[in-house]
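The values are calculated or read from the model by the stated rules, or taken from the named source; none is laboratory data. Note that this is a predicted model, so its numbers are computed, not measured. Glycine also receives a Cβ, built like all others from the backbone with ideal geometry; neighbour counts cover every protein chain displayed.
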Amino acid sequence: MKAIAAIISIALAASATHADDVSGLIKDGAKPEKLAGGFKFTEGPAVDPDGNIFFTDIPNNRIHKWDIATKKLSTFLEDSGGANGLYFSKEGDLYVCQGENRKVLSLYADDGGEKEPLADQYDGKPFNKPNDLWIHPEGGIYFTDPNYGRKTLSQDGEHLYFITPFHDSVYRVGDDFKRPNGVLGTPDGKTLYVADPGEQKTYSYTVESPDEGTLGNKKLFADVGSDGMTLDNRGNLYLTWGTVQVFNPTGKKIGDIKFPEKPSNICFGGKDGKTLYVTARTGFYSLEMQVAGAGFKDNSRPPEGDTAEITINCVKEKLIYDTKEFTVRQGQKVILTFKNTDHPQHNLFVVKPGSADKVAQMALLLGADGPAKKYRPDTDLILWGTDLLDHGGMEVLEFTAPAPGDYPYVCTFPGHAILMRGVMHVVAE
Ligand code: CU
């Protein structure tokens, strides 16, 4: 009898370890940490472009901000209109689902003022209770509209909607849910996940049209529902369903991460994107991870392989590049794609170490000749550079990474160089 008992206990220990494959995702020795408590029901964590976390306390009608530098919590907004799901745009505006106000809108992230109403009705009727949202990389917005806590529906069911990239139309893009909740897509904009806790299922879709939000190829991804969810940069999906349940990109369950309270929603944040933040009932928690969240780039190390493919976009209306630094290896082939996703004209010149200000000044001194010369002064301080691109323009620079050093890149359109610059770090082979 004793021998059998011993064998059983060994088998249990082994299976417990096996089920705990999430250990490869979590930083060694890290445990969930309670950052703040005393809330009524926390929801909707979202990461701003600096890595700070905003989240909602729905019954208390507040949005809070967790500052990653000071590790302090503040109240960002009172009377939040029943704010639930949040998401930041690339431009740094806070997009909000207001359940009580039955609308979706964007706020300025510095003072919480309303920036733009986005959707407050469909087919002439108000929404039920907008719950969670995700912004597609091309600007369209998916949001779910379940009817928690209300007896009557405003709409004819609980559906999924899409606000077009120019915010001029709202389409219903999914109408076969019982009670949709969490919604999230991959950084490439090709796959969308929608959780239906009403049916206790989570589905994946192919985004067919980023302009109209149409979806195809519906597949059952996981046999559990979810409130909010998040993705890491290996494509694993983290659902909140009793615990945090982690699934690999094919829908196979990797394991559970347990928190002291039942999680409602989850996101990655922090400076390097390697901290998991979880809203759970009365508390707000973090967990240090080995993996970073989807979309976080590790700009401190060169990409693997012989070729480094780098894309730099402009941040709309901010006169900055969206990538302030990247790293390549000496001798590596660099394919640098520059896209002007902003409205003013911009260029990008990679220049010799320490010469960004000098090149910008030389461009300024072109004076009246500047526009004709595309603000490109005649100097060998410029190593590689694009044309002056209009809105929507794109150019690819191809070169071999030079000797180790810090090579600035800068836009020389007059006045832009103060902010519109970054650094290419070249490290030794
Ligand atoms: Cu510029």
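Can you name the strands (runs of 3 or more DSSP E) wholly within segment 37-81 that have at least 1 residues being in the same structural domain as ASP93 (by TED's automatic domain parsing) and closer than 13 Å to SER264 by Cα?
Answer list for segment 37-81: 42-47, 53-57.
If you go through segment 81-121 one residue at a time, how many are over 27 Å from LEU239 (Cβ atoms) and among the hydroxyl-bearing types (Ser, Thr, Tyr)?
Selection size over segment 81-121: 1.
If I filter segment 260-274 for residues that are within 16 Å of the ligand (Cβ to nearest atom), surrounded by fewer than 20 Cβ atoms within 10 Å (Cβ to Cβ), assigned to a loop (DSSP other than H, G, I, E, B) and within 21 Å of the chain's Cα centre (by Cα), do I get at least one hit?
no
How about segment 407-429: which of its residues are away from the ligand (no atom under 16 Å from the Cβ) and not small (Gly, Ala, Ser)?
TYR407, VAL423, MET424, HIS425, VAL426, VAL427, GLU429, listed by residue number.
Could you tell me which of the residues ASP232, ASP223 is acidic (Asp, Glu) and surrounded by fewer than 16 Cβ atoms within 10 Å (Cβ to Cβ)?
Answer to the selection: ASP223.
Looking at segment 303-331, which of the residues that are within 16 Å of the ligand (Cβ to nearest atom) and of a type in the set (Lys, Arg) is modelled with the lowest pLDDT?
Top of the filtered list is LYS316.
For segment 340-356, what are the residues that are near the ligand (Cβ under 8 Å from one of its atoms) and either surrounded by fewer than 20 Cβ atoms within 10 Å (Cβ to Cβ) or among the hydrophobic types (A, V, I, L, M, F, W, C) (or both)?
PRO344, GLN345
Is it the case that segment 374-384 has a residue that's over 14 Å from PRO408 (Cβ atoms), surrounded by fewer than 18 Cβ atoms within 10 Å (Cβ to Cβ), in the same structural domain as ALA403 (by TED's automatic domain parsing) and of a type in the set (Lys, Arg)?
yes
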